[in-house]
1. So what is the orientation-averaged projected area of the chain, using the convex hull of its C-alpha atoms, in nm²?
2. Which trypsin sites (Lys or Arg not before Pro) from the range 251-330 combine a DSSP loop assignment with at most 10 other Cβ atoms within 10 Å?
3. How high is the relative contact order of the range 155-287, in percent, with contacts defined as C-alpha pairs under 8 Å that are six or more residues apart?
4. Just name one of L262, T279, S224: the one whose Cα is farthest towards the positive end of the charge dipole of the range 208-283 (beta-carbon charges, Lys/Arg +1, Asp/Glu -1).
5. If you keep only loop residues by DSSP, which GluC sites (Glu not before Pro) in the range 60-123 have at most 16 other Cβ atoms within 10 Å of their Cβ?
6. Could you point to the residue in A212, V240, L173 farthest towards the positive end of the range 155-287's charge dipole, with +1 and -1 charges on the Cβ of Lys/Arg and Asp/Glu respectively?
7. Loop-only check: which GluC sites (Glu not before Pro) in the range 183-261 are DSSP coil with at most 16 other Cβ within 10 angstrom?
8. Give me the extension gain from N281 to D51: residue separation times 0.36 nm, minus the current Cα-Cα distance, reported in nm with one decimal.
Amino acid sequence: MKKEMTAVTFKDIATYEIGKRAVPEITRLDEVRVAVEAASICGTDVHLLNDPPGFIGTKGIVLGHECVGTVESVGEGVSGLKAGDRVVLEPNVACGYCHYCKTGVPNMCENDVILGVTADGVFAEYFVAPEKALTKIPQDLPADIAVFAEPVNCVMGAVNKIRLLPGETVLVLGAGPIGLYFVMLLKSNGAGKVIVSEPSEYRAKYALECGADVVINPIKEDLSQKVKELTQGLGADVTVDAVGVLSPDAIACTRRAGKIVLFGQNGAVTEKICQNDITRNGLTVYGNYIGLYSMTPTVKMLSSDLLPLEKIITHRLPLEDFGKGLEAMRKGEALEVVLYPQK
Ligand SMILES: [Zn+2]
Ligand SMILES: [Zn+2]
């Protein structure tokens, strides 16, 4: 086993470094060391490296939390995984003993450690994680599909809350990767019409390829009026904010007694809303943060080839080219950027 590896480290606000670090050691009985096959850059990584940051990270950690890898070695207490197994990661590691962990909602854990945000992540040749954070995947599941497990798991958490009825009309605000996962998942889950709101023509094209029926440009058109025209004057049955700042649009475009899912995250922005619109229209608003016991169903879904996920990989890069991928994402010229640390 070599001693050093290449990794992308979070140095300070808006600063990262690509360089050599020691290969992490297994120090606890329940830990597993994983060789990273593929890792993708998430919007969270971009927010984390913005100034001001939209997401707060711990200085000095290895970045990255979306990946697929192969188990290289395991601690003495690991019973469900062995060297050679292929795994995906849930980067939010819950404590197991706080109020939320003990009441069945570990995604709300008060003491969670987040790999790639508050602890060393996966933009490296190797990472170490506790066994409970890893889920085994089929040996033949392509890395370019399995790499989506983490973000799709988070979207599955939200889809599980919506309880969509077959034929319902869904409005997805924003066609970045998260918006596109919603389009694909809700379409395969029985949505009738999927309407997308997206100002970028580049992203609009991908939304249509992923199954959207209509894409509205909210800068050129009146979004709520257009949505009403497409829904017999009612509004969408379900609206998803995949961006994190669009709750006013969601409230304006959802029918009475409809559902809104707030999914995108941006801690740097505060939006003004008219609370009475929610009250008077009897709206149900769901906040969703990551997945909840949904990784195993997610792996099953990815293995069944239901979603055209590979279509949205726009960049395949060696780890050293992290900066290129980040810039492309910042400029809106990329959707999924996948890095291959072993190449
Ligand atoms: Zn992510
Ligand atoms: Zn906890």
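1. Result: a mean projected hull area of 16.9 nm².
2. Details: sites: R255, R256, K259, K272, R280, K300, K311, R316, K324, R330; in loops: K272.
Hits after loop and neighbour filter: K272.
3. 22 percent
4. Of L262, T279, S224, it is T279.
5. Counting only loop positions with at most 16 other Cβ atoms within 10 Å, the GluC sites (Glu not before Pro) in the range 60-123 are E76, E110.
6. Checked the options; the winner is V240.
7. Working: sites: E201, E209, E221, E229; in loops: E221.
In loop regions of the range 183-261 (DSSP not H, G, I, E or B), the sparsely surrounded GluC sites (Glu not before Pro) are E221.
8. 79.0 nm
Read the figures in this text as sums done on the coordinates, not as results from a lab. Just so it is clear, the model here is predicted, and its values are computed rather than measured. Backbone-built Cβ (ideal geometry, glycine too); neighbour counts: all protein chains shown.
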